[in-house]
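A quick write-up on the structure given underneath.
The values are calculated or read from the model by the stated rules, or taken from the named source; none is laboratory data. For clarity, every value in this text was computed on a predicted model and none was experimentally measured. We place every Cβ from the backbone using ideal geometry, glycine too, and count neighbours over all the protein chains shown. Only protein heavy atoms, including side chains, enter the accessible area calculation; ligands, DNA and RNA are left aside. Shrake-Rupley method; radii C 1.70, N 1.55, O 1.52, S 1.80 Å.
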Amino acid sequence: MGVFQPVQDDHRSLEGRIVSYIRDLVEQGVLTPGERLPPERELAAQLRVSRTALREALHTLAALGLVEARHGRGVFVVGGSLQATAQRLSLALEARETEEESMARIRQLFEIRRVLEGAAAEWAAQRAQPEQIAEMQAVLARDRALRTAAEVDRALISELDGQLHALIAASTANRLLVLLMASLLDELATARSRSLVLPERIRRSLEQHAAIVEAIAAHDPQAARAAMIAHLDDVEQAIVHSLKAQGSGNQQERQAAQDQNQLTQTQDE
């Protein structure tokens, strides 16, 4: 049996499933640092996906620092001590169970995001190549079409959100930053999912993404950093507000259940 198996169907887009599948193989050590992936046609056949979907997924994986395309040689798994550092950081952010710990984890995550992504936006405005800016604008255009559609596909919007942030990080030409962002992938995906449950975030996030990309395209580092920080602040506030409301609702449900139990006991007596 070969390393690569057909990608399983689930609620995510095909590109998202390919990214998750190959990332898991890297993290599990099935694909080792320096290993070359099969040629595009062969890999697409093994995964039973289109070459177009595979190409998009590999581009996202490259933006996340997990693979690297080497001209004339193929696509290779990226390895070294930076990956180990990223994995240790990811383990340090292991999910908690209580509401208080969940709230603390969100705040810690956004503290890290402000440092990493604020700098990423600033550097992207200084270093992004024309083709990278064009790609950000293309993702933004796809995102706008999805968010303004009659029926909103939140899962696909979340993936495009992540892709845009990954492209911004990749355009900094700072490999360590990209790897640190990749280590936060699961935490960031969870935060995005929580944020996109809120209807008002769908519109605001689009406007904020547009401001970030516009500042990067204008090569305005201060405006790019400010736009990114404003975006992250707004997302964090929305998620924290949602968690507090959820906690309040759960407390009311528990109180109602306790009241009902007491009433039942009184009636039994």
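When Glu122, Glu111, Glu100 are checked against the criterion of being open to solvent by 60 Å² or more (accessible area, probe 1.4 Å), part of a helix (DSSP H, G or I) and at pLDDT 90 or above, Glu111 stands alone in meeting it. Quick check: anything in segment 43-51 in contact with a helix residue (DSSP H, G or I) (Cβ under 7 Å, 6 or more places away or on another chain), of a type in the set (Lys, Arg) and either within 18 Å of Gly162 (Cβ to Cβ) or at pLDDT 80 or above (or both)? Yes; the residues of segment 43-51 include at least one that is in contact with a helix residue (DSSP H, G or I) (Cβ under 7 Å, 6 or more places away or on another chain), of a type in the set (Lys, Arg) and either within 18 Å of Gly162 (Cβ to Cβ) or at pLDDT 80 or above (or both). Looking only at segment 174-190, filter to residues that are modelled with pLDDT of 75 or more and assigned to a helix (DSSP H, G or I); which one of those is surrounded by the most Cβ atoms within 10 Å (Cβ to Cβ)? Of everything passing the filter in segment 174-190, Met181 is surrounded by the most Cβ atoms within 10 Å (Cβ to Cβ). Annotation: of all residues in segment 138-173 being more than 18 Å from the chain's Cα centre (by Cα) and more than 20 Å from Arg192 (Cβ to Cβ), the one that is surrounded by the fewest Cβ atoms within 10 Å (Cβ to Cβ) is Ala150.
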